[in-house]
Amino acid sequence: MSRGNSFWSLFYDYFVITLGVCLYCGAWAFFLMPNNLIGGGVSGLSAIVYYATGISMGITNFSVNALLLVVAFFILGRGFGLKTIYAIIMSSLALQFFPSIIPTDFVNDFTAENGKMLCVVMGGALTGLGIGLTFTHGGSTGGTDIIAMIINKYKDITPGRLLLMLDFVIILSSLLIPSYLPDGSQLNFTGKIANVIYALVLVAVNSYTVDLYLTGSKQSVQIMIFSKKYEALADEIAFNIKRGVTLLRSRGWFNKQESEVLLVVARKTDLSMILARIKEVDPAAFISVSSVMGVYGLGFDTIKNKSKKTSK
């Protein structure tokens, strides 16, 4: 990759990470904070602190993440890149300034008109999309996943289970901490229980959206192309679209004629472009497209070897 392409690729990664952070923090400022809603992770903890003391979510988010990063550097080593640090700083700044940038009257009218449940669903979906965008481009918002990795180093517990347990602890802790509404009145215990239920729904929607986005962005397709212009199509796909092509020899059973079949495996996001190019080269081509469960190797996913502990 040339230096120019490398620069634009890095610029694109940081642009998408910034977009993901803005969606994540915008959802908190627009849908969740006006309703005194909480969630999991460091953001949920920051919200609890904000409702109890008035300390900005951005300040708490940055302080906790900075402390976790320092501890992680000593315990886990330098496993966190600049993109993670960038995402943490950006999210802290966004949580600090977004609530003051978005017009209060507009936010109040919107959240009051649609109710808490819709705000929970919309907030969970947008925070999940923001996290997904950040993850796919090498960033991370830090938070409880750092704690999970630290604990996982010493205890044989899966990170996913640890994150779920940490989210439950943070959400349930809100029952023990006073929470004040925007008008200054204190939220009663019944309201706190309702907020816990809303928070559990929020975590579920958030997790589902993250999984849905990550699965969709990695989903691949297998394309089989039957065409007399197979050479021109192979050149177009290999040299212009920059995707791998395999030539298979075939024989039609009805007419007993020998022919060539092109086999292409690509990301689902590239499918429409590939089909458009095929149509340009040979409108009469016969094409078969199927989804594949997993693709491993150069340009796709890598097989992760999980070492199992054996007892002596």
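The values are calculated or read from the model by the stated rules, or taken from the named source; none is laboratory data. Please read all numbers here as calculations on a predicted model, not as lab measurements. Glycine also receives a Cβ, built like all others from the backbone with ideal geometry; neighbour counts cover every protein chain displayed. To get the accessible areas, we keep the full protein, side chains included, count just its heavy atoms, and leave off ligands, DNA and RNA. Shrake-Rupley method; radii C 1.70, N 1.55, O 1.52, S 1.80 Å.
Just one of the numbered conditions (1) assigned to a helix (DSSP H, G or I); (2) open to solvent by less than 30 Å² (accessible area, probe 1.4 Å) is not true of Leu37; which one?
Of everything listed in (1) assigned to a helix (DSSP H, G or I); (2) open to solvent by less than 30 Å² (accessible area, probe 1.4 Å), Leu37 misses just condition (1).
Inspect all residues belonging to segment 70-90 and state whether any of them is at pLDDT 90 or above and crowded, with 24+ Cβ neighbours inside 10 Å.
No, segment 70-90 has no match at all.
I'm trying to understand the selection: among the residues of segment 278-293, which are surrounded by fewer than 16 Cβ atoms within 10 Å (Cβ to Cβ) and assigned to a helix (DSSP H, G or I)?
Lys279, Glu280 - these are the residues of segment 278-293 that are surrounded by fewer than 16 Cβ atoms within 10 Å (Cβ to Cβ) and assigned to a helix (DSSP H, G or I).
Can you tell me which residues in segment 250-264 are over 18 Å from Leu275 (Cβ atoms) and surrounded by 11 or more Cβ atoms within 10 Å (Cβ to Cβ)?
As a first pass, look at segment 250-264 and keep what is over 18 Å from Leu275 (Cβ atoms): 250-260.
Residues satisfying the conditions are Ser250, Ser259, Glu260.
Are there any pairs with C-beta distances below 6 angstrom linking a residue in segment 259-285 that is of a type outside the set (A, V, I, L, M, F, W, C) to a residue that is part of a strand (DSSP E or B) and exposed (fewer than 15 other Cβ atoms within 10 Å of the Cβ), with the two at least 6 apart or on different chains, and if so which?
Ser259/Ser250; Glu260/Leu247
Restricting attention to segment 223-249, which residues are more than 19 Å from Val292 (Cα to Cα), in contact (Cβ under 8 Å) with a residue 24 or more places away in the chain, of a type in the set (Gly, Ala, Ser) and open to solvent by 30 Å² or more (accessible area, probe 1.4 Å)?
The answer is Ala232, and nothing else.
Does segment 191-210 contain any residue that is in contact with a strand residue (DSSP E or B) (Cβ under 6 Å, 6 or more places away or on another chain), hydroxyl-bearing (Ser, Thr, Tyr) and touching a residue at least 60 places away in the same chain (Cβ under 8 Å)? Outline the logic, then answer.
Our first condition is that a residue be in contact with a strand residue (DSSP E or B) (Cβ under 6 Å, 6 or more places away or on another chain); within segment 191-210, this holds for none.
Checked segment 191-210: no residue is in contact with a strand residue (DSSP E or B) (Cβ under 6 Å, 6 or more places away or on another chain), hydroxyl-bearing (Ser, Thr, Tyr) and touching a residue at least 60 places away in the same chain (Cβ under 8 Å).
Name the residue that is farthest from Leu181 (Cα to Cα), counting only residues in segment 46-62 that are in a helix (DSSP H, G or I) and open to solvent by 60 Å² or more (accessible area, probe 1.4 Å). Walk me through how you get there before you give the answer.
Filtering segment 46-62 for residues in a helix (DSSP H, G or I) gives 46-53, 57-62.
From the residues that got through so far, the ones that are open to solvent by 60 Å² or more (accessible area, probe 1.4 Å) too are 50, 53, 59, 62.
Details: Tyr50: 10, Thr53: 11, Ile59: 20, Phe62: 23 Å.
Once the filter is applied, the top-ranked residue is Phe62.
Go through segment 100-125 and count every residue that is in a helix (DSSP H, G or I) and open to solvent by 50 Å² or more (accessible area, probe 1.4 Å). Steps first, answer last, please.
From segment 100-125, those in a helix (DSSP H, G or I) are 100-101, 104-125; that's our starting set.
Checking which are open to solvent by 50 Å² or more (accessible area, probe 1.4 Å) leaves us with 100-101, 104-106, 108-110, 112-114, 116-118, 121-122.
Here the count works out to 16.
Which one of these is modelled with pLDDT of 85 or more, of a type in the set (Val, Ile, Thr), closer than 30 Å to Ile171 by Cβ and within 30 Å of the chain's Cα centre (by Cα): Val196, Val264?
Of the residues listed, the single one that is modelled with pLDDT of 85 or more, of a type in the set (Val, Ile, Thr), closer than 30 Å to Ile171 by Cβ and within 30 Å of the chain's Cα centre (by Cα) is Val196.
Select from segment 128-154 the residues that are among the polar types (S, T, N, Q) and either at pLDDT 75 or above or assigned to a loop (DSSP other than H, G, I, E, B) (or both) and list them in ascending order.
First, pick out the residues of segment 128-154 that are among the polar types (S, T, N, Q): 134, 136, 140-141, 144, 152.
Those that are among the polar types (S, T, N, Q) and either at pLDDT 75 or above or assigned to a loop (DSSP other than H, G, I, E, B) (or both): Thr134, Thr136, Ser140, Thr141, Thr144.
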